[in-house]
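Report on the structure given below.
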Amino acid sequence: MSKQTSDLSDLFYETLKDIYFAEKQILSALPEMAENAQSDELRTAFETHRDETRGQIERLDQIFELIGKPTQEKTCVAIVGMIDESKEVMEDFADTNALDAGILAAAQAVEHYEISRYGTLKTWAQQLGLTDVVGLLEDTLMEEKKTDELLSKLASADVNAKAA
Ligand code: FE
Ligand code: FE
Ligand code: FE
């Protein structure tokens with residue numbers, strides 16, 4: 001392995017640990033977001049995505065195995081901050097008509113972070129010639145994008161109308 005390849009491979013591994021930590025945080029944050037959601041569609045969207053998130057964590061487990069490195073997590077300060085912000089908005093807007101709009105926006109920030117991470121990881125996996133890994137990352141990336149699109153749809157259809 002050239003020095004360049006091994007550096008990228010290290011970076012890939014470190015970023016994998018970051019998203020592994022993030023997914024676990026998201027898995028534990030989603031039930032509270034679902035509980036707080038006022039609209040049935042938004043609650044269902046969070047519940048569906050919680051199940052998907054479990055599968056995404058399993059895919060990451062598979063990826064660690066495929067690259068032959070120990071499964072590890074590394075604190076992602078970005079996700080910690082985003083989840084803190086979601087808790088803040090749930091508290092501050094608890095009894096208002098803007099609660100769903102606030103939770104939805106917080107959830108979309110999380111999806112955008114994940115889309116960014118998985119997009120990057122997929123590109124690096126391609127550069128590293130990790131074909132099986134690319135497929136797994138692509139599957140998760142599609143789920144994150146689909147979730148983001150659903151949230152956008154709910155935002156324009158319902159939640160923002162209620163907040164107005
Ligand atoms: Fe995810
Ligand atoms: Fe991070
Ligand atoms: Fe997600």
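Under unit Cβ charges (Lys, Arg +1; Asp, Glu -1), what dipole magnitude, rounded to 20 debye, does segment 8-163 have relative to its Cα centre?
Dipole about the Cα centre, nearest 20: 400 debye.
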Report the label-to-label distance for ALA161 and SER6 in nanometres (one decimal), using points 7 Å from each Cα along the Cα→Cβ vector.
6.0
Of the accessible area of the chain, computed with a 1.4 Å probe and all protein chains kept, carbon and sulfur make up a percent value of 49
What accessible area per residue comes out for the chain, rounded to a whole number of Å², with a 1.4 Å probe?
51
Residue by residue through segment 44-58, what is 3J(HN,Hα) from phi via Karplus (6.51 cos²θ - 1.76 cosθ + 1.60, θ = phi - 60°)? Round to whole Hz and write x for glycine and proline.
4, 4, 5, 5, 4, 6, 5, 5, 4, 4, 4, x, 5, 5, 5
Please list the three semi-axes, largest first and in whole Å, of the ellipsoid equivalent to the chain, using sqrt of 5 times the eigenvalues of its alpha carbon gyration tensor.
33, 15, 13
Close Lys-Lys pairs in the chain, where close means Cα under 18 Å and separation is 8 or more or interchain
10
Could you work out how much longer the chain between LYS153 and SER28 gets when fully extended? Use 0.36 nm per residue separation minus the Cα distance between them, nm to one decimal.
42.6 nm
Can you find, among ILE57, ALA161, VAL110, the residue farthest towards the positive end of the dipole of the chain? Put +1 on the C-beta of Lys and Arg, -1 on that of Asp and Glu.
ILE57
Rounding to the nearest 10 and keeping the result within 0 to 90°, find how far the Cα-based axis of helix 77-92 lies from the longest principal axis of the chain.
10
What residue among GLU85, GLU65, GLU143 shows peak mean-square fluctuation when the chain is described by a Gaussian network model with Cα springs under 10 Å?
GLU65
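The values are calculated or read from the model by the stated rules, or taken from the named source; none is laboratory data. What you see is a predicted model, and the numbers here were worked out from it, not measured in a lab. All Cβ positions, glycine included, derive from the backbone under ideal geometry; neighbour counts span all protein chains shown. Only protein heavy atoms, including side chains, enter the accessible area calculation; ligands, DNA and RNA are left aside. Shrake-Rupley method; radii C 1.70, N 1.55, O 1.52, S 1.80 Å.
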